[in-house]
Amino acid sequence: MQARLLLPIAALLLSGCAQGVSNALPPVKEYSPEVQARAADELEALPPNSVLAMMIADYAVLRAQVRAGR
């Protein structure tokens, strides 16, 4: 489960690295380092095989895809 948590945590932590602007794609909301750290702590506290953790991982992939399209 811990390896599964690394992708969304990494995506959250790297979300501030996106550059470039495109009007064709929605903006990717930026989160402060404090909010990212809190989210990572809360994600780690979820029970094993949490559906919420799976959904967050999907969200991380979506954010990466939007960023890549810019």
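The values are calculated or read from the model by the stated rules, or taken from the named source; none is laboratory data. Fair warning: this is a prediction, and the values are worked out from it, not measured in the lab. Here the Cβ is made from the backbone with ideal geometry for all residues, glycine too, and neighbour counts use every protein chain on show.
Observations on the structure shown:
- Residue list for region 51-70, restricted to those being over 12 Å from residue 8 (Cα atoms) and at pLDDT below 95: 65, 66, 67, 68, 69, 70
- Meets criteria (surrounded by 13 or more Cβ atoms within 10 Å (Cβ to Cβ), at pLDDT below 90, closer than 14 Å to residue 67 by Cβ and not β-branched (Val, Ile, Thr)) for residue 22: no
- Tally of residues being part of a helix (DSSP H, G or I) and surrounded by 15 or more Cβ atoms within 10 Å (Cβ to Cβ) across region 47-59: 3
- Restricting attention to region 25-46, the residues being exposed (fewer than 11 other Cβ atoms within 10 Å of the Cβ) and at pLDDT 95 or above number 5.
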